[in-house]
Amino acid sequence: MHEILLLCLGLILSVSFLVVLANKLKVAYPIFLVIAGLGISFVPGIPNVHIDPDVVFLVILPPVLFDAAQNTSWKALWKWRRIVTVMALGYVLLTATAVAFVSYMLIPGFTLAQGFLLGAIISPPDAAAATSVLQFTRLPKGMVSILEGESLLNDATSLTLFRFALAAIISSNFEWYDAASGFVFVTLSGIGIGLILGLIFYAIYRWLPTTSNLDIAFALVLPYLIYITAEELHSSGVLAVVTGSLFISYRNHFVLTHTSRLKSNAVWPSIVFIFNAVIFFLIGLQLPEIIGGIKETSLYDAFRIALIITGVVILVRMFSGLISSRFTTFISKYITVAQNRPGWRNPTIIGWVGMRGVVSLASALSIPLMLNNHAFPNRNLILFITFIVIIVTLVCQGLTLPWVIKLIKPEPVDDDKADDQQILEIELALLSTAVKEIGAKYEGDLKTNDLLKNKFELLKYKVELYTQSRDDEKKKVAVNKMISRFKHVMTDIIEREREKLHAFRKKDGYDDDIIWLIENRLDLEEEGLQEESE
């Protein structure tokens, strides 16, 4: 146990320093960590690393999905529901089918069922890789929402297809109508399980006297409980977690206190970051073991086959994006769609955001070693192809994505409203509400409470300032400069206040818990300034 703990701590510390270096080089950390893992794997004396698929599916995947769902906009998901559904379902099925037939024709002795198994494994893009790469680029919000929505659901499609393909290989019997009805059952039951458990935890949050620490504890348990329950009932754990998490995220503003939300926003990103960083580093370290397993064919032929299939995966996604754009333009004549003419620029960029990752590798590793007292046919080759697809798409597409975006220049979505305009309108509405409430309900206090009176005057001044900014573009620019300078000055003032506060640590008569309380207030003030600046 002592050795395992030291290994985990060393792993987290190592990837943390590598991420620091990645940020310094302005490279998305999943790409850098995979490259670092590949390089370190060739160092003499480094032992072979094996990733247990159960660790990915049972330990890492549920909280990653939960956090992604918590940060997904219901409004955007509904607006782009058609294209998200087409991408999460249609793109995955089309990619898997193309891979199945190409591999069947390309690899001697490879059956069509094995081809669909491989296709299911390498069809879904990785959410963490895409999100981290997009941090270094600027895309219209609509495109980001589409990619986030796809990443929530495509794993469910691929894992369900993987389950049926594996069952067909093991049983040597496959019926299309059984697979179709099974897919519908897995989908509906997964959604149902997620909603039921989401409702149970909503009731806990709503009616039990929980604290912020208890709320965080329940939230940590929730994704694991949903996932394990769904998988034990032979349903889709991915869909169940996504459904339950989306339900909780929509209701948490009504049942969680501000303290719970603040703590949750601090806890979840850190947990998900550690999981993603460690697993991408371990992916790179897998290379020697995976190469050593190639025995069905020569290493040259394995590389050739893997690169061809990688090309198929990339081209099918690009082709699917352009066909979807054409179809959307056509069907917009008959039904209402979110965007009538997507063009070719945005679909091309979305098609290029197809980096594969941890779910694909975990699926390949979960293929059983034995089948009917014999080695599972072509298992090592499937694993090798999966690894090459992950490396090529993650490194090549990930590193070139900013260049592709700069070259193609994505078109703005028609009804995208600028972030600063949204902030201005919302802040103006909130300030107007505050002024109205104070003036109507606390008129007497305004005459006797100088603090409230000064706050009221400040709010009225802000309303006047924001109203002028909304109606006059030149005034808006001047106000933005003034606000920017105000934030800069206040950040500096808070830092001076913090230095003065720390001086009280050396003085008698001032307890540390009081100093921590005031420091927390300063931290929240500075965080508010930073968030407004983003």
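Restricting to segment 299-334, count the residues that are in contact with a Lys or Arg (Cβ under 9 Å, 6 or more places away or on another chain) and of a type in the set (Gly, Ala, Ser).
Count: 2.
Looking at (1) over 30 Å from Ile382 (Cα atoms); (2) at pLDDT 90 or above, find the lone condition where Val241 falls short.
Failing condition for Val241: (1).
Can Val489 be described as of a type in the set (Val, Ile, Thr), over 28 Å from Thr259 (Cβ atoms) and exposed (fewer than 14 other Cβ atoms within 10 Å of the Cβ)?
For Val489, the condition - of a type in the set (Val, Ile, Thr), over 28 Å from Thr259 (Cβ atoms) and exposed (fewer than 14 other Cβ atoms within 10 Å of the Cβ) - is met.
Give the residues of segment 89-104 that are aliphatic (A, V, I, L, M), farther than 15 Å from Leu381 by Cβ and surrounded by fewer than 23 Cβ atoms within 10 Å (Cβ to Cβ), sorted by residue number.
Once the filter is applied, which keeps residues that are aliphatic (A, V, I, L, M), farther than 15 Å from Leu381 by Cβ and surrounded by fewer than 23 Cβ atoms within 10 Å (Cβ to Cβ), segment 89-104 yields Leu89, Leu93, Leu94, Ala98.
Quick test for you: out of Ala180, Ala156, pick the one residue that is open to solvent by less than 40 Å² (accessible area, probe 1.4 Å), at pLDDT below 90, in a helix (DSSP H, G or I) and of a type outside the set (Val, Ile, Thr).
Ala156
Return the total of residues in segment 183-217 being part of a helix (DSSP H, G or I), open to solvent by 30 Å² or more (accessible area, probe 1.4 Å), of a type in the set (Val, Ile, Thr) and at pLDDT below 90.
Here the count works out to 2.
Report whether or not Gly119 is of a type in the set (Gly, Ala, Ser), open to solvent by less than 10 Å² (accessible area, probe 1.4 Å), under 18 Å from Ile390 (Cα atoms) and not in a loop (DSSP other than H, G, I, E, B).
yes
Looking only at residues in segment 408-449 that are among the basic types (Lys, Arg) and within 26 Å of Met143 (Cβ to Cβ), which one is most open to solvent (accessible area, probe 1.4 Å)?
Lys409
Using the structure shown, decide if Ala76 is modelled with pLDDT under 90, surrounded by 24 or more Cβ atoms within 10 Å (Cβ to Cβ) and not basic (Lys, Arg).
no
Quick check: is even one residue across segment 461-472 surrounded by 11 or more Cβ atoms within 10 Å (Cβ to Cβ) and outside any helix (DSSP H, G or I)?
yes
Scan segment 6-54 for residues that are open to solvent by 30 Å² or more (accessible area, probe 1.4 Å), part of a helix (DSSP H, G or I) and among the polar types (S, T, N, Q) and report the count.
Adding up the residues that qualify gives 3.
The values are calculated or read from the model by the stated rules, or taken from the named source; none is laboratory data. In this text the structure is predicted, and so the values were computed from the model without any measurement. As a convention, Cβ positions derive from the backbone with ideal geometry for all residues, glycine included, and neighbour counts pool all protein chains shown. Heavy atoms of the whole protein, side chains included, go into the accessibility calculation; ligands, DNA and RNA do not. Shrake-Rupley method; radii C 1.70, N 1.55, O 1.52, S 1.80 Å.
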